[in-house]
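Structure record follows, encoded as structure tokens.
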Amino acid sequence: MLPFRTMGEIKDLKGKRVLLRVDLNLPIKNGIVQNDFRIRRSLPTVQFLRKKGAKIILIAYANKSTDSLKPVAQHFNRFVRVGFIPAVTGSLVSSAVNKLPNGGVLLLENLRSVRGEEMNSLNFAKELASLGDIYINEAFSNSHRAYASIMRLPKLLPSYAGFLFESEYKNLIKARKPKKPFYFILGGAKVETKLPLIKYFLPVAKKAFILGGPANTFFKVRGYETGKSVVGGFFTGLKSLVNNKKISLPKDALLLSGKISRTDGLSREDKIVDIGPETIRGLKGCIQEAKSILFNGPVGIYDEGFSHGTEELLKMMARSKAKIVMGGGDTVVSVTKLKLENRFTFISTGGGAMLEFLATGTLPGVEALKKAKNGF
């Protein structure tokens, strides 16, 4: 039994204006979408609403307040015909919504371009709510944000979870109780966002592999020389974990110089950019033995081209018989690049949202739907 209503419960959608909150924060380079995983995961909901004759108003944010969603709208048209309005509210938007035919789809401009979104403004939410009859949250991956389109709209309109939101919730709830032996592998940049997750899963994990940027922070706390490696400034919460026998850190690393070095033997000029071959080999046996794995990467500085370690781990996990749950923006990019999307149990569209949900069992957006205005 889900703690919120889902869109399958709506009896009549024909002619209804649906405010569909989606996650379209996509990697864009030179105006071209680099990865459309999040678009593709939302398509079943969009197509369902179209077939039911709803008028669909897509609302989403981009990475920065100054970024436009126009390139996303252009890419979306490869799958579904989508109109784009370079505004969020106002007469231009109202006019376009009024002209929407049944089954039509309209994308509004980046919500972050309006200050009221991140300020969780009630007035801004009321302006958005005036455009729709129904609100559907499909953006699980944004639902750790206490923003107006996530928190306020469910109080103003009959509200439901979309198919993707429902799938994320069901799969990640299961992942909170993994089958043993269970391993989790954490990379990325910041350790502070992963600390609650480490504390939650450590008691049930056979081993926790801390890699990438978080590993550098652990090294610093242990007193190792980290040179010019990326190190976070969050040390207090690690002191109780740094010598835990279940935690495994990289034994070797690829340096920016191209050399492989022991992680306990760096100089002041060295910079860790990826895990080394010994570390990769050490993970192989655990991945083969595991019945369940949680992976959040990458394990190297992915956006600077150091993807070898991440890709090698993904290939090993793709050959595993374990139930594997993973997420994170660069992780998804790697999986898509290697064409391994169908080889894992579940790939979350979220990074921070997935981590927070796994650690706590809920999100602000989940709680908002639980308390939402009654539906039709």
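The values are calculated or read from the model by the stated rules, or taken from the named source; none is laboratory data. Computed from a prediction, not measured in an experiment: that's the story for all the values here. No Cβ is skipped: glycine too gets one built from the backbone with ideal geometry, and neighbour counts run over all protein chains shown. All accessible areas refer to the heavy atoms of the entire protein, side chains included, with ligands and DNA or RNA removed. Shrake-Rupley method; radii C 1.70, N 1.55, O 1.52, S 1.80 Å.
Residue by residue through the range 340-366, note down the ones that are assigned to a loop (DSSP other than H, G, I, E, B) and open to solvent by less than 10 Å² (accessible area, probe 1.4 Å).
Pass one, the range 340-366, residues assigned to a loop (DSSP other than H, G, I, E, B): 340, 344-345, 348-351, 361-363.
Within the range 340-366, SER348, THR349, GLY350, LEU363 meet the criteria.
Filter the range 129-147 down to the residues that are buried (at least 18 other Cβ atoms within 10 Å of the Cβ) and either among the charged types (D, E, K, R) or more than 13 Å from LEU19 (Cα to Cα) (or both) and list them by number.
Answer for the range 129-147, where residues must be buried (at least 18 other Cβ atoms within 10 Å of the Cβ) and either among the charged types (D, E, K, R) or more than 13 Å from LEU19 (Cα to Cα) (or both): GLU138, PHE140, SER141, ASN142, SER143, HIS144, ARG145, TYR147.
Could you check, for the range 280-293, whether at least one of its residues is farther than 27 Å from GLY352 by Cα, in a loop (DSSP other than H, G, I, E, B) and among the aliphatic types (A, V, I, L, M)?
Quick first cut of the range 280-293, residues farther than 27 Å from GLY352 by Cα only: 281-282, 285, 288-289.
Then keep just the ones that are in a loop (DSSP other than H, G, I, E, B); that gives none.
Checking the range 280-293: not a single residue is farther than 27 Å from GLY352 by Cα, in a loop (DSSP other than H, G, I, E, B) and among the aliphatic types (A, V, I, L, M).
Please specify each residue of the range 97-128 satisfying the condition of being closer than 20 Å to THR45 by Cα and surrounded by fewer than 21 Cβ atoms within 10 Å (Cβ to Cβ).
VAL97, LEU100, PRO101, ASN102, GLY103, GLY104
Please go through the range 205-236 and pick out each residue that is without any contact (Cβ under 8 Å) to a residue 60 or more places away in the chain and surrounded by fewer than 15 Cβ atoms within 10 Å (Cβ to Cβ).
ARG222, GLY223, GLU225, LYS228, GLY233, THR236
So if I check each of ARG78, ARG17, which one is in contact with a helix residue (DSSP H, G or I) (Cβ under 9 Å, 6 or more places away or on another chain), within 25 Å of LYS126 (Cβ to Cβ) and among the charged types (D, E, K, R)?
Details: ARG78 fails: within 25 Å of LYS126 (Cβ to Cβ).
It is ARG17.
Quick one: in the range 247-275, of everything that is more than 24 Å from the chain's Cα centre (by Cα) and buried (at least 22 other Cβ atoms within 10 Å of the Cβ), which residue is nearest to ALA208 (Cα to Cα)? Can you show your working first?
Applying the first criterion (more than 24 Å from the chain's Cα centre (by Cα)) to the range 247-275 yields 247-272.
Checking which are buried (at least 22 other Cβ atoms within 10 Å of the Cβ) leaves us with 250, 253-254, 263, 272.
Working: PRO250: 11, ALA253: 18, LEU254: 21, THR263: 18, ILE272: 20 Å.
Ranking the qualifying residues of the range 247-275, first place goes to PRO250.
Looking at the structure I just gave you, is ALA54 closer than 16 Å to SER159 by Cβ, among the small types (Gly, Ala, Ser) and open to solvent by less than 20 Å² (accessible area, probe 1.4 Å)? So that I can check it myself, show each step before the final result.
Values: closer than 16 Å to SER159 by Cβ: yes; among the small types (Gly, Ala, Ser): yes; open to solvent by less than 20 Å² (accessible area, probe 1.4 Å): yes.
Yes; evaluated as a whole, the condition is true for this residue.
Go through (1) exposed (fewer than 15 other Cβ atoms within 10 Å of the Cβ); (2) within 22 Å of GLY328 (Cα to Cα) one by one and return the number of the condition VAL22 breaks.
Checking VAL22 against (1) exposed (fewer than 15 other Cβ atoms within 10 Å of the Cβ); (2) within 22 Å of GLY328 (Cα to Cα), the one that fails is (1).
Search the range 142-167 for residues that are outside any helix (DSSP H, G or I) and pair each with any residue that is acidic (Asp, Glu) when their beta-carbon atoms are under 6 Å apart and the residues are at least 6 apart or on different chains.
Here the result reads HIS144/GLU356; TYR147/GLU117; TYR147/GLU118; GLY162/GLU138, each pair linking the range 142-167 to a residue that is acidic (Asp, Glu).
Could you list all residues from the range 340-360 that are touching a strand residue (DSSP E or B) at 6+ places or on another chain (Cβ under 8 Å), of a type in the set (A, V, I, L, M, F, W, C) and within 21 Å of ALA189 (Cα to Cα)?
Listed by number, the residues that qualify are ILE347, MET354, LEU355, LEU358.
Looking at the range 322-339, is at least one residue touching a strand residue (DSSP E or B) at 6+ places or on another chain (Cβ under 9 Å), open to solvent by less than 20 Å² (accessible area, probe 1.4 Å), in a loop (DSSP other than H, G, I, E, B) and modelled with pLDDT of 95 or more?
Within the range 322-339, one or more residues are touching a strand residue (DSSP E or B) at 6+ places or on another chain (Cβ under 9 Å), open to solvent by less than 20 Å² (accessible area, probe 1.4 Å), in a loop (DSSP other than H, G, I, E, B) and modelled with pLDDT of 95 or more.
Please determine whether any residue of the range 296-313 is buried (at least 22 other Cβ atoms within 10 Å of the Cβ), under 27 Å from ASN137 (Cα atoms), touching a strand residue (DSSP E or B) at 6+ places or on another chain (Cβ under 8 Å) and not charged (D, E, K, R).
Yes, the range 296-313 has at least one match.
In the range 33-51, what count of residues is obtained for those that are open to solvent by 60 Å² or more (accessible area, probe 1.4 Å) and either at pLDDT below 95 or in contact with a Gly (Cβ under 9 Å, 6 or more places away or on another chain) (or both)?
4
Pick from ASN30, ASN63: which is modelled with pLDDT under 95 and under 24 Å from SER143 (Cβ atoms)?
Details: ASN30 fails: under 24 Å from SER143 (Cβ atoms).
Of the residues listed, the single one that is modelled with pLDDT under 95 and under 24 Å from SER143 (Cβ atoms) is ASN63.
When you look at ASP23, is it of a type in the set (D, E, K, R), closer than 20 Å to ILE136 by Cβ and part of a loop (DSSP other than H, G, I, E, B), yes or no? Don't jump to the end; show me each part of the working.
Numbers: of a type in the set (D, E, K, R): yes; closer than 20 Å to ILE136 by Cβ: yes; part of a loop (DSSP other than H, G, I, E, B): yes.
Yes: the conditions hold for ASP23.
Can you name the residue in the range 162-187 that is in contact with an Asp or Glu (Cβ under 8 Å, 6 or more places away or on another chain) and of a type outside the set (Phe, Trp, Tyr) and, of all such residues, is most open to solvent (accessible area, probe 1.4 Å)?
PRO181
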